[in-house]
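The block underneath contains the structure these notes are about, expressed in C-alpha coordinates.
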Amino acid sequence: MSLKLLNADITRFPCDALIISSDSSLMNGGAAYGACYSAARMNFGEYISNHFQDEISVGNAYLIEKEIANFSDDLKAKNVIVTTAPQWVGGESNEIEQLASCYVNSLEKAHKTGAKKIAVSIINSRIFGFPSNLSELIAKRAILRYLENYDLDVYLILHNWKSYGVNRDKIEKLRQYIEKTKAEEMCFAAEAPKRKELSASKRASLEERLKNKDESFSEMLLRLIDERGMKDSDCYNKANVSRKVFSKIRCNRNYHPKKETALAFALALELDIEGTQQLLRTAGYSLSHSNIADIIVEYHILNGIFKVSDINEMLYEYDQKLLGTN
(Lines give C-alpha, C1' and ligand atoms only; values in the text may rest on other atoms or scores of the structure.)
Protein backbone atom coordinates (compact mmCIF):
# COMPACT_ATOMS: atom_id res chain seq x y z
CA MET A 1 0.00 0.00 0.00
CA SER A 2 1.11 3.53 -0.57
CA LEU A 3 -0.35 7.01 -0.67
CA LYS A 4 1.54 9.61 -2.66
CA LEU A 5 0.75 13.31 -2.96
CA LEU A 6 1.32 14.81 -6.39
CA ASN A 7 0.86 18.08 -8.21
CA ALA A 8 -0.14 16.87 -11.66
CA ASP A 9 -2.42 17.24 -14.66
CA ILE A 10 -5.05 14.62 -13.87
CA THR A 11 -6.15 14.31 -17.48
CA ARG A 12 -2.63 13.17 -18.49
CA PHE A 13 -1.96 10.95 -15.49
CA PRO A 14 -2.02 7.24 -16.51
CA CYS A 15 -3.93 5.13 -14.00
CA ASP A 16 -6.43 2.29 -13.71
CA ALA A 17 -9.06 4.53 -12.16
CA LEU A 18 -9.43 8.28 -11.73
CA ILE A 19 -11.68 9.58 -8.96
CA ILE A 20 -13.23 13.03 -9.38
CA SER A 21 -16.10 14.78 -7.62
CA SER A 22 -19.30 16.58 -8.55
CA ASP A 23 -22.07 18.34 -6.69
CA SER A 24 -25.53 16.79 -6.41
CA SER A 25 -26.53 18.22 -9.80
CA LEU A 26 -23.74 16.10 -11.34
CA MET A 27 -22.75 19.10 -13.46
CA ASN A 28 -20.17 20.94 -11.38
CA GLY A 29 -17.07 19.80 -9.53
CA GLY A 30 -14.66 22.61 -10.13
CA ALA A 31 -11.51 22.61 -12.25
CA ALA A 32 -10.83 18.87 -12.01
CA TYR A 33 -14.31 17.92 -13.13
CA GLY A 34 -14.19 20.46 -15.95
CA ALA A 35 -10.78 19.31 -17.18
CA CYS A 36 -11.87 15.67 -17.29
CA TYR A 37 -15.19 16.61 -18.90
CA SER A 38 -13.26 18.35 -21.71
CA ALA A 39 -10.59 15.66 -22.11
CA ALA A 40 -13.09 12.78 -22.15
CA ARG A 41 -15.43 14.71 -24.46
CA MET A 42 -18.48 13.41 -22.69
CA ASN A 43 -21.12 14.60 -20.25
CA PHE A 44 -20.51 12.72 -16.99
CA GLY A 45 -23.69 14.08 -15.40
CA GLU A 46 -25.88 12.90 -18.24
CA TYR A 47 -24.24 9.47 -18.23
CA ILE A 48 -24.73 9.04 -14.47
CA SER A 49 -28.34 10.22 -14.64
CA ASN A 50 -29.07 7.67 -17.37
CA HIS A 51 -27.32 4.71 -15.74
CA PHE A 52 -27.61 5.27 -11.97
CA GLN A 53 -30.93 7.08 -11.65
CA ASP A 54 -32.03 5.30 -8.46
CA GLU A 55 -28.63 5.56 -6.70
CA ILE A 56 -27.83 9.27 -6.89
CA SER A 57 -27.12 10.65 -3.41
CA VAL A 58 -24.34 12.43 -1.53
CA GLY A 59 -21.36 10.19 -0.81
CA ASN A 60 -22.11 7.66 -3.56
CA ALA A 61 -19.62 6.79 -6.29
CA TYR A 62 -20.41 6.06 -9.93
CA LEU A 63 -18.18 4.04 -12.25
CA ILE A 64 -17.83 5.18 -15.86
CA GLU A 65 -15.94 2.56 -17.85
CA LYS A 66 -13.91 3.93 -20.70
CA GLU A 67 -14.71 1.16 -23.18
CA ILE A 68 -18.44 1.30 -22.52
CA ALA A 69 -18.77 5.09 -22.33
CA ASN A 70 -16.40 5.49 -25.27
CA PHE A 71 -14.75 8.66 -24.01
CA SER A 72 -11.68 10.14 -25.66
CA ASP A 73 -8.11 8.83 -25.31
CA ASP A 74 -7.11 12.35 -24.33
CA LEU A 75 -8.04 11.28 -20.80
CA LYS A 76 -5.39 8.73 -19.83
CA ALA A 77 -7.32 6.96 -17.05
CA LYS A 78 -8.77 3.55 -17.92
CA ASN A 79 -11.94 4.30 -15.95
CA VAL A 80 -13.45 7.34 -14.25
CA ILE A 81 -15.30 7.32 -10.94
CA VAL A 82 -17.44 10.33 -10.08
CA THR A 83 -18.52 10.87 -6.47
CA THR A 84 -21.14 13.34 -5.25
CA ALA A 85 -19.64 15.51 -2.53
CA PRO A 86 -21.48 17.28 0.30
CA GLN A 87 -21.68 21.04 0.75
CA TRP A 88 -20.06 22.46 3.89
CA VAL A 89 -22.62 24.14 6.15
CA GLY A 90 -20.53 24.58 9.28
CA GLY A 91 -19.73 20.99 10.19
CA GLU A 92 -22.92 20.20 12.09
CA SER A 93 -24.64 18.14 9.38
CA ASN A 94 -22.31 15.13 9.09
CA GLU A 95 -20.35 16.80 6.26
CA ILE A 96 -17.05 15.34 7.49
CA GLU A 97 -18.42 11.78 7.53
CA GLN A 98 -20.07 12.31 4.16
CA LEU A 99 -16.86 13.62 2.59
CA ALA A 100 -14.89 10.68 4.00
CA SER A 101 -17.47 8.29 2.56
CA CYS A 102 -16.93 9.86 -0.88
CA TYR A 103 -13.32 8.68 -0.80
CA VAL A 104 -14.06 5.27 0.73
CA ASN A 105 -16.94 4.45 -1.63
CA SER A 106 -14.91 5.61 -4.64
CA LEU A 107 -11.88 3.52 -3.64
CA GLU A 108 -14.12 0.52 -3.06
CA LYS A 109 -15.65 0.98 -6.49
CA ALA A 110 -12.17 1.24 -8.06
CA HIS A 111 -10.89 -1.78 -6.15
CA LYS A 112 -13.79 -3.92 -7.39
CA THR A 113 -12.73 -3.21 -10.99
CA GLY A 114 -9.30 -4.65 -10.21
CA ALA A 115 -7.60 -1.25 -10.21
CA LYS A 116 -4.15 -1.17 -8.62
CA LYS A 117 -3.07 2.35 -9.53
CA ILE A 118 -5.68 4.91 -8.54
CA ALA A 119 -5.56 8.69 -8.90
CA VAL A 120 -7.78 10.76 -6.61
CA SER A 121 -8.43 14.39 -7.39
CA ILE A 122 -8.82 16.07 -4.01
CA ILE A 123 -12.41 17.20 -3.55
CA ASN A 124 -12.40 20.92 -4.23
CA SER A 125 -12.65 22.80 -0.94
CA ARG A 126 -13.63 26.07 -2.64
CA ILE A 127 -16.52 24.62 -4.66
CA PHE A 128 -17.97 22.69 -1.74
CA GLY A 129 -17.07 25.22 0.96
CA PHE A 130 -14.81 23.01 3.11
CA PRO A 131 -11.86 24.71 4.86
CA SER A 132 -8.87 23.73 2.67
CA ASN A 133 -6.77 22.24 5.48
CA LEU A 134 -9.74 20.20 6.70
CA SER A 135 -10.51 19.00 3.18
CA GLU A 136 -6.98 17.65 2.77
CA LEU A 137 -6.93 16.08 6.24
CA ILE A 138 -10.19 14.21 5.61
CA ALA A 139 -8.86 12.96 2.28
CA LYS A 140 -5.61 11.64 3.76
CA ARG A 141 -7.26 9.96 6.73
CA ALA A 142 -10.01 8.31 4.70
CA ILE A 143 -7.58 7.00 2.08
CA LEU A 144 -4.99 5.76 4.59
CA ARG A 145 -7.62 3.94 6.62
CA TYR A 146 -8.90 2.23 3.49
CA LEU A 147 -5.37 1.26 2.49
CA GLU A 148 -4.79 -0.50 5.81
CA ASN A 149 -6.64 -3.46 4.30
CA TYR A 150 -5.71 -3.25 0.62
CA ASP A 151 -2.49 -3.28 -1.39
CA LEU A 152 -3.11 -0.38 -3.75
CA ASP A 153 -1.13 2.59 -5.00
CA VAL A 154 -3.16 5.75 -4.53
CA TYR A 155 -2.08 9.16 -5.83
CA LEU A 156 -3.80 12.15 -4.22
CA ILE A 157 -3.67 14.90 -6.82
CA LEU A 158 -3.34 18.38 -5.35
CA HIS A 159 -3.58 20.84 -8.20
CA ASN A 160 -1.85 23.51 -6.16
CA TRP A 161 -0.32 21.75 -3.19
CA LYS A 162 1.07 24.92 -1.65
CA SER A 163 -2.44 26.23 -1.13
CA TYR A 164 -3.56 23.18 0.84
CA GLY A 165 -3.12 22.98 4.58
CA VAL A 166 0.46 24.21 4.81
CA ASN A 167 0.89 26.45 7.82
CA ARG A 168 2.90 29.50 6.78
CA ASP A 169 4.23 29.96 10.31
CA LYS A 170 5.63 26.43 10.20
CA ILE A 171 7.29 27.21 6.88
CA GLU A 172 8.89 30.37 8.27
CA LYS A 173 10.27 28.55 11.33
CA LEU A 174 11.67 25.84 9.09
CA ARG A 175 13.24 28.44 6.79
CA GLN A 176 15.00 30.07 9.74
CA TYR A 177 16.28 26.69 10.93
CA ILE A 178 17.62 25.84 7.46
CA GLU A 179 19.45 29.17 7.15
CA LYS A 180 20.94 28.87 10.64
CA THR A 181 22.04 25.27 10.06
CA LYS A 182 23.62 25.99 6.67
CA ALA A 183 25.51 28.98 8.13
CA GLU A 184 26.89 26.79 10.91
CA GLU A 185 27.87 24.14 8.36
CA MET A 186 29.81 26.73 6.32
CA CYS A 187 31.72 27.83 9.42
CA PHE A 188 32.49 24.25 10.36
CA ALA A 189 33.74 23.45 6.85
CA ALA A 190 36.05 26.48 6.90
CA GLU A 191 37.56 25.48 10.22
CA ALA A 192 37.81 21.74 9.59
CA PRO A 193 41.37 20.36 9.31
CA LYS A 194 42.46 18.76 6.07
CA ARG A 195 42.05 15.01 5.85
CA LYS A 196 45.15 12.93 6.44
CA GLU A 197 46.00 9.71 4.67
CA LEU A 198 45.27 6.57 6.67
CA SER A 199 48.32 5.01 8.27
CA ALA A 200 49.12 1.35 7.59
CA SER A 201 47.90 0.34 11.05
CA LYS A 202 44.61 2.19 10.58
CA ARG A 203 44.14 0.58 7.17
CA ALA A 204 44.61 -2.83 8.78
CA SER A 205 42.09 -1.89 11.45
CA LEU A 206 39.63 -0.85 8.74
CA GLU A 207 40.02 -4.19 6.97
CA GLU A 208 39.31 -5.97 10.23
CA ARG A 209 36.17 -3.88 10.75
CA LEU A 210 34.93 -4.75 7.27
CA LYS A 211 35.27 -8.44 8.05
CA ASN A 212 33.10 -7.96 11.13
CA LYS A 213 30.57 -5.51 9.78
CA ASP A 214 27.43 -4.69 11.73
CA GLU A 215 23.87 -5.78 10.95
CA SER A 216 22.42 -4.83 7.60
CA PHE A 217 19.64 -2.33 6.98
CA SER A 218 17.13 -5.16 6.66
CA GLU A 219 18.25 -6.79 9.92
CA MET A 220 18.24 -3.56 11.89
CA LEU A 221 14.87 -2.47 10.54
CA LEU A 222 13.20 -5.80 11.37
CA ARG A 223 14.80 -5.82 14.83
CA LEU A 224 13.53 -2.31 15.58
CA ILE A 225 10.02 -3.20 14.42
CA ASP A 226 10.00 -6.18 16.80
CA GLU A 227 11.45 -4.16 19.68
CA ARG A 228 8.65 -1.60 19.33
CA GLY A 229 5.99 -4.28 19.20
CA MET A 230 4.80 -3.06 15.80
CA LYS A 231 3.22 -5.10 13.05
CA ASP A 232 5.09 -5.03 9.75
CA SER A 233 2.05 -3.45 8.11
CA ASP A 234 1.89 -0.72 10.77
CA CYS A 235 5.47 0.22 9.99
CA TYR A 236 5.39 0.23 6.20
CA ASN A 237 2.02 1.98 6.11
CA LYS A 238 3.32 4.77 8.37
CA ALA A 239 6.41 4.98 6.19
CA ASN A 240 4.30 5.32 3.02
CA VAL A 241 6.14 2.31 1.58
CA SER A 242 4.40 -0.40 -0.41
CA ARG A 243 4.04 -3.95 0.87
CA LYS A 244 5.90 -5.13 -2.23
CA VAL A 245 9.00 -3.11 -1.34
CA PHE A 246 8.80 -4.15 2.30
CA SER A 247 8.63 -7.80 1.23
CA LYS A 248 11.89 -7.35 -0.71
CA ILE A 249 13.51 -5.84 2.39
CA ARG A 250 12.33 -8.70 4.59
CA CYS A 251 13.45 -11.42 2.17
CA ASN A 252 16.85 -9.96 1.27
CA ARG A 253 19.38 -9.34 4.05
CA ASN A 254 21.44 -7.19 1.67
CA TYR A 255 18.57 -5.14 0.24
CA HIS A 256 19.75 -1.60 -0.45
CA PRO A 257 16.93 0.97 -0.15
CA LYS A 258 16.81 4.47 -1.52
CA LYS A 259 17.68 7.09 1.05
CA GLU A 260 14.12 8.45 0.96
CA THR A 261 12.82 4.97 1.80
CA ALA A 262 15.29 4.48 4.66
CA LEU A 263 14.39 7.88 6.12
CA ALA A 264 10.68 7.09 5.87
CA PHE A 265 11.20 3.95 7.96
CA ALA A 266 13.19 5.90 10.55
CA LEU A 267 10.25 8.29 10.88
CA ALA A 268 7.72 5.45 11.05
CA LEU A 269 9.74 4.01 13.94
CA GLU A 270 9.93 7.51 15.50
CA LEU A 271 13.70 7.25 15.93
CA ASP A 272 15.61 10.18 17.40
CA ILE A 273 18.47 11.78 15.46
CA GLU A 274 21.05 9.28 16.71
CA GLY A 275 18.80 6.32 15.94
CA THR A 276 18.02 7.73 12.49
CA GLN A 277 21.72 8.11 11.74
CA GLN A 278 22.37 4.54 12.86
CA LEU A 279 19.65 3.14 10.59
CA LEU A 280 20.82 5.27 7.67
CA ARG A 281 24.42 4.12 8.13
CA THR A 282 23.40 0.49 7.62
CA ALA A 283 22.25 1.54 4.13
CA GLY A 284 25.30 3.69 3.45
CA TYR A 285 23.68 7.07 4.10
CA SER A 286 23.73 9.80 6.72
CA LEU A 287 21.99 13.07 7.50
CA SER A 288 24.08 15.96 6.27
CA HIS A 289 23.80 19.69 6.91
CA SER A 290 24.90 20.28 3.34
CA ASN A 291 21.62 18.74 2.14
CA ILE A 292 18.41 20.79 2.49
CA ALA A 293 16.20 17.69 2.54
CA ASP A 294 18.23 16.26 5.43
CA ILE A 295 17.97 19.53 7.37
CA ILE A 296 14.19 19.50 6.89
CA VAL A 297 13.94 15.93 8.19
CA GLU A 298 16.25 16.71 11.10
CA TYR A 299 14.18 19.76 12.04
CA HIS A 300 11.01 17.69 12.23
CA ILE A 301 12.62 14.89 14.24
CA LEU A 302 14.02 17.40 16.75
CA ASN A 303 10.52 18.84 17.11
CA GLY A 304 8.91 15.43 17.62
CA ILE A 305 7.15 15.44 14.23
CA PHE A 306 7.35 12.01 12.57
CA LYS A 307 4.38 11.97 10.20
CA VAL A 308 5.75 11.32 6.70
CA SER A 309 2.95 13.18 4.89
CA ASP A 310 3.55 16.34 6.98
CA ILE A 311 7.28 16.26 6.26
CA ASN A 312 6.64 15.60 2.58
CA GLU A 313 4.61 18.80 2.41
CA MET A 314 7.65 20.77 3.58
CA LEU A 315 9.99 18.86 1.28
CA TYR A 316 7.67 19.77 -1.57
CA GLU A 317 7.84 23.44 -0.58
CA TYR A 318 11.61 23.26 -1.13
CA ASP A 319 11.40 21.12 -4.30
CA GLN A 320 13.06 18.14 -2.63
CA LYS A 321 12.44 14.43 -3.19
CA LEU A 322 9.55 13.07 -1.16
CA LEU A 323 9.95 10.31 1.41
CA GLY A 324 8.62 6.80 0.90
CA THR A 325 8.57 4.59 -2.17
CA ASN A 326 8.67 6.18 -5.60
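Descriptive notes on the structure:
- Residue in segment 161-172 that is modelled with pLDDT of 80 or more, surrounded by 13 or more Cβ atoms within 10 Å (Cβ to Cβ) and either not β-branched (Val, Ile, Thr) or not assigned by TED's automatic domain parsing to the domain that holds ALA266 (or both) present: no
- Summed over segment 69-104, residues that are surrounded by fewer than 16 Cβ atoms within 10 Å (Cβ to Cβ), of a type in the set (Ser, Thr, Tyr) and farther than 15 Å from TYR37 by Cβ total 1.
- Scanning segment 283-297 for residues that are over 19 Å from the mean Cα position of the chain (by Cα) and either of a type in the set (D, E, K, R) or not in a helix (DSSP H, G or I) (or both) turns up ALA283, GLY284, TYR285, SER286, LEU287, SER288, HIS289, SER290, ASN291.
- Enumerated helices (runs of 4 or more DSSP H) restricted to segment 232-282, each holding at least 3 residues that are among the small types (Gly, Ala, Ser): 259-268
- In segment 223-274, of all residues being of a type in the set (Phe, Trp, Tyr) and modelled with pLDDT of 90 or more, the one that is surrounded by the most Cβ atoms within 10 Å (Cβ to Cβ) corresponds to PHE265.
- The lone exception for SER57 - which of (1) surrounded by 14 or more Cβ atoms within 10 Å (Cβ to Cβ); (2) at pLDDT below 95; (3) within 19 Å of SER24 (Cβ to Cβ); (4) not hydrophobic (A, V, I, L, M, F, W, C) it fails: (1)
- Applying a threshold of 6 Å to beta carbon distances and a minimum spacing of six or more residues, or different chains, the list of pairs starting in segment 1-24 at a residue that is within 16 Å of SER38 (Cα to Cα) and assigned by TED's automatic domain parsing to the domain that holds LEU63 and ending at one that is in a loop (DSSP other than H, G, I, E, B) and of a type in the set (Val, Ile, Thr) reads SER21/ILE123.
- Residue check, CYS15 part of a loop (DSSP other than H, G, I, E, B) and modelled with pLDDT of 90 or more: yes
- Helices (runs of 4 or more DSSP H) contained entirely in segment 61-130, each with at least 1 residues that are modelled with pLDDT under 90 and among the hydroxyl-bearing types (Ser, Thr, Tyr): 125-128
The values are calculated or read from the model by the stated rules, or taken from the named source; none is laboratory data. None of the values given here were measured: they were computed from a predicted structure. Quick reminder, even Gly has a Cβ in these numbers, built from the backbone with ideal geometry, and neighbours come from all protein chains shown.
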